[in-house]
Amino acid sequence: MSVKKIPGEIAFEKEIHNFGTLKDGEVVAYSFKFRNKGGSPVKILKAEPSCGCIEVKFSENEVLPGDSSFVTVIFNTSGEWGNQLKEARIETSNGKSLEIQVGAYIDNKQFNNLLNN
């Protein structure tokens, strides 16, 4: 009788982070913690940001069953204004993809001046 191996599966503690109000030009980062809740090692193969204003960093090492790791999203607010929601699609070695998001309200004085004149 063969034993079927349970694939690795990434589960994020939370999939969205709100930075609150930021000033135009700030660069902020948030690390999304995840755990492998499957029965086999799993790793992140790639992360695709929704725009050039975010950068995604992660370890290329396998995460063993029950272990945790992080995906860090770095958000550069230069040139942004108002409510912003940015995503990154995470592809894993088990063939699945997940999405994490960061949000913020960007206070951009230059843009506000244009609107109010």
- [ ] Pairs to check: LYS5/LYS46; LYS43/LYS86; LYS5/LYS86; LYS43/LYS109; LYS23/LYS43. Give those whose C-alpha atoms are more than 31 Å from each other in this structure.
- [x] LYS5/LYS86; LYS43/LYS109; LYS23/LYS43
Open item on the list: Please compute the contact order of the chain in relative form: average sequence separation of alpha-carbon pairs under 8 Å and at least six residues apart, divided by the residue count, as a percent.
Closed with: 32
Open item on the list: If each residue of separation counts as 0.36 nm, what is the full-extension length gain between LEU64 and GLN110 once their alpha-carbon separation is subtracted?
Closed with: 11.7 nm
Task: Residue-span extension gain [LYS57 to LYS33] - 0.36 nm each, minus C-alpha spacing - done: 7.4 nm
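Could you tell me which trypsin sites (Lys or Arg not before Pro) in segment 49-117 are loop residues by DSSP with no more than 14 other beta carbons within 10 angstrom of their beta carbon?
Working: sites: LYS57, LYS86, ARG89, LYS96, LYS109; in loops: LYS96.
Those that pass, being in a loop and sparsely packed, are LYS96.
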Open item on the list: Taking the alpha-carbon distance from LYS33 and a cut-off under 20 Å, which aspartates and glutamates remain once sequence neighbours fewer than 8 residues away in the same chain are dropped?
Closed with: GLU9, GLU13, GLU15, GLU48, GLU55, GLU60, GLU62, ASP67, GLU87, GLU91, GLU99
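A short reminder: the numbers here are calculations on the coordinates, not readings from a lab. Quick caveat: nothing in here was measured; it's all calculated off a predicted structure. Here Cβ is always computed from backbone atoms with ideal geometry, including for glycine, and neighbour counts include all displayed protein chains.
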